[in-house]
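Please treat every number below as a calculation from the coordinates, not as lab data. Remember, it's a predicted structure, so these values are computed and weren't measured experimentally. Cβ: placed from backbone, ideal geometry, glycine included. Neighbour counts: every protein chain shown.
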Amino acid sequence: MSNVSFPAALDAPEGAVVVMSEALMAEAVSKSQESPRKRIILPFHKDHDASLHRMMNVMQPGTYIRPHRHSNPPKAESIILVRGGLWFVTFTEHGDLDGSWLLQPGLGDFGVDIMPGVFHSFLVTEPDTVIFEVKPGPYVKASDKDFASWAPHEGDSEVEAYQQNLLTQIESRQGRD
């Protein structure tokens, strides 16, 4: 689901020092609420060729982050939840749920560090959820993400059922983990 008229990312703020303020976050939250994809990226790196990519990823419930991994080239990734809540989920090579962690700032788990090659996704549980994400650059759209062939494409009619099934699996595992 690509909407040419609505950007996937905002422009990076100008300046050698950017203060991560409530006002800056509020602007990104507002744009995520307007986005047909229910999310927007606020990058802090100034261009795709930067060696380190830092960004706020602002998401609303119902957004779909297709399961993916960063394997070509291999890239680790760190995510810190700033506001809101989400399930961070990992998968086996064949699409089985491997792990799930409820991230909520101030209430226990608030971030993850992911090695290269791990299939992962998020299920956003609270409005105006904001994560701070860091991973190596450069960004090359064709190879940045290795999308899981076993998961629906963004915009497919199966997405909502797929996400609900994941949530059901997560909830059923909570008593066993």
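Ranked by the mean number of other Cβ atoms within 10 Å of their residues, highest first, the peptides 132-143, 10-21 come out as 132-143, 10-21. When only alpha carbons are used to place a centre, region 147-167 and region 40-74 end up 19 Å from one another. Note on the chain: helix-only mean residue ellipticity at 222 nm, from DSSP H runs of 4+ residues weighted -39500 (n - 2.57) and normalised by residue number, equals -5500 deg cm²/dmol. What is the helix-to-structure angle for 22-34, meaning the angle in degrees between its Cα long axis and the longest Cα principal axis of the chain, kept from 0 to 90 and rounded to the nearest 10? Between the helix axis and the principal axis of the chain, the angle is about 60 degrees.
Shape class for region 22-174, computed from the alpha carbon gyration tensor (a ≥ b ≥ c): rounded, with a/c under 1.5. Here the relative contact order of the chain, from alpha carbon pairs under 8 Å that lie six or more residues apart, stands at 26 percent. FRET efficiency for E22 and S149, Cβ-Cβ distance as r, R0 = 35 Å, nearest 0.05? So, using R0 = 35 Å, E works out to roughly 0.30. Couplings 3J(HN,Hα) for region 89-102, derived from phi with the Karplus relation 6.51 cos²θ - 1.76 cosθ + 1.60 (θ = phi - 60°), are 10, 10, 9, 6, 4, 9, x, 6, 4, 9, x, 8, 9, 7 Hz, where x marks Gly and Pro. Ordering H45, H153 from the fewest to the most neighbouring beta carbons within 10 Å gives H153, H45. Given +1 at the Cβ of Lys and Arg, -1 at the Cβ of Asp and Glu and no other charges, the dipole of the chain around its Cα centre is 140 debye to the nearest 20.
Can you give the extra length, in nm with one decimal, that the chain gains between N72 and L52 once fully stretched, where that is 0.36 nm per residue apart less the Cα-Cα distance? Full extension of this stretch gives 5.6 nm more.
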